[in-house]
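Each remark here refers to the structure printed beneath this line.
Computed from the coordinates by the stated procedures, all read-outs in this text should not be read as laboratory data. The shown structure was predicted, so the numbers you read here are calculated from the model rather than taken from an experiment. Don't worry about glycine lacking a Cβ; one is built from the backbone with ideal geometry, like all the others, and counts go over all protein chains shown.
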Amino acid sequence: MILRRGLDICLLGFLILSAGCGPISKTTLRPGSPDDLPGCYAIFPAEPWVSVHRLEATIRGGSSSLLGVTKGEPSERRLQSLLLSPEGFILFDAELSGGGIAVRKAVDPFDSPAFARGLMEDVALLFLLPQVKPTTWGKETHGAMICNWEGPDDSHTEIMGSMDSGWRILRRDKYGKVIKKVVLNGPFVNGLASRVELWSFKPASYRLRMTLVQPSP
Amino acid sequence: MKRFVCLSVLIAVAVFSAEIARTQDLTSLKEASRNIRSVKAEFLQKRSLPILTKPLFSEGKLFFYIPNSLRWEYLSPLRSVMLRKGNNIQIYNFSDGVWKPEMAQAVESRRMVLEEISHWFQGRFDESKAFKHLYSPGPSERVILVSGEGINRFINRIEIVLSVRPGVIHRVEIEEPGGSRTSIEFKNVEINSSFSSEVFEKP
């Protein structure tokens, strides 16, 4: 009852709204050397971890604050994600494992399957290394890495940046249109960026700002 | 058979006596709370979740003025404040250097939380719509709130540990299904100190 009527952040609305996005040009690369390849994996935690982030969600001009807890086991490609209200109530608890999503707890307005799928996709984009090797990668003259992955559904993921300047992830749909954009900034603590900003343009339009509160290996 | 009857009478007397004692203690608790007009305190909240290897701590402060003005503010890790004055409830989150109002639906859902907390500071446990209350005598005197149908999806029970100062709450323990727990410990509690009523109106 406390939360049922919605400690609403209306993240549900994320999946209802749809908005276009400005074009971001796609970088063409020659295949890089094998020595550069580990640079493509730098932003993804390699070891199991648990983190707590302060989250600020912005949608339709409104904003809401939450705490996000994420547990990851990269070798198993398993993620568990919780959303907590500022008072600490669990609003959402789900696990991504073997490509499937199991929702343990979800209260209104976080209880739709579409919300669970959207949230877990975002969490996977941020923390899980794509399953296959990049199709192209290389280093720019100033040392920034650029890595491109082809997704199974003709989507593209592009990661570029460095530990000094920060990183950017772009996910494009099969038409080359950017549907998600992520900016990660250091310092990196136990492999996790201190500050992350995610913009989703499609199928829903929203922005998530994440600040690392508590990393633990 | 005679022994059984005697035993039954003894048990009945014991239960009846305990019931009277419980009523008396809750009555005296309510009586003690009647002298409280305002409360100002800091709190440390410890959140334990099975997923976390170490608990998550939040710090905050609260202001209460009878009968139903409450400011419940988190200072870290999220800066957020819930304000209640009468039936008017506002919630703000601090972001980018300014207080931003929380979305409307989230505000309404906190109404019950704020009402419950307001009851605690006045010893009005019997007025809860969501919990049944039990009294447990010392050495750490406490009131146990057992959740009713519906609310038990989120909270199993709440224990309110009372301070030796009459009517003052020392700690609140919240147990949730699935093994999660929250402990809120109050410190620097000031009773009947004066402060501006603006604390209940503005973030």
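Just a few scattered comments:
- Derived scalar couplings between HN and Hα for the range A:180-191 equal 9, 9, 10, 10, 10, 10, x, x, 8, 10, 6, x Hz in order, rounded to whole Hz, by the Karplus curve 6.51 cos²θ - 1.76 cosθ + 1.60 (θ = phi - 60°), x for Gly and Pro.
- Between the helical axis of B:2-33 and the longest alpha-carbon principal axis of chain B there is an angle of about 30 degrees.
- Two-site label geometry, A:MET163 and B:ILE66: point separation in nm, points 7 Å out along Cα→Cβ: 6.1 nm
- Derived scalar couplings ³J(HN,Hα) [the range A:118-134; Karplus, 6.51 cos²θ - 1.76 cosθ + 1.60; whole Hz; x for Gly, Pro]: x, 5, 5, 5, 5, 5, 5, 4, 6, 10, 10, 5, x, 5, 10, 5, x
- With the simple spin-label model, which puts each label point 7 Å out from Cα in the Cβ direction, the B:SER28 to A:ASP111 separation comes to 4.4 nm.
- Spherically averaged projected area of chain B from its Cα convex hull (nm²): 14.6 nm²
- Ratio of Rg to Rh over the range A:58-111 (Cα coordinates, Kirkwood Rh, two decimals): 1.04
- Computed over the range A:11-216, the P(r) tail beyond 22 angstrom holds 48 percent of alpha carbon pairs.
- Within the range A:31-64: backbone nitrogen closer than 14 Å to the A:SER75 label point (7 Å, Cα to C-beta): A:46-49
- Pairs from the table (A:LYS71/B:LYS61; B:LYS61/B:LYS202; B:LYS30/B:LYS187; A:LYS71/B:LYS132) lying more than 24 angstrom apart at Cα are A:LYS71/B:LYS61; A:LYS71/B:LYS132.
- Couplings 3J(HN,Hα) for the range B:142-156, derived from phi with the Karplus relation 6.51 cos²θ - 1.76 cosθ + 1.60 (θ = phi - 60°), are 8, 10, 10, 9, 9, 6, x, 4, x, 5, 5, 5, 10, 9, 7 Hz, where x marks Gly and Pro.
- Expected-Rg normalisation [2.2 N^0.38 Å, Cα atoms] applied to the protein assembly as shown: 1.18
- Inter-chain Cβ neighbour average for residues B:47-55, partner chain, 10 Å: 5
- Full-extension gain in nm, B:ARG181 to B:LYS132, via 0.36 nm per residue minus C-alpha separation: 15.7 nm
- Peptide-level mean, for B:88-99, of C-beta atoms on other protein chains within 10 Å: 2
- The calculated FRET efficiency for the pair B:SER76 and A:THR135, based on their C-beta separation and a Förster distance of 30 Å, comes to about 0.10.
- Among B:133-142, A:200-209, sorting by the average number of other beta carbon atoms lying within 10 angstrom of each residue, highest first, gives A:200-209, B:133-142.
- The trypsin sites (Lys or Arg not before Pro) of the range B:51-93 include none that meets both criteria, a DSSP state outside H, G, I, E and B (loop) and at most 15 other C-beta atoms within 10 angstrom of the site's C-beta.
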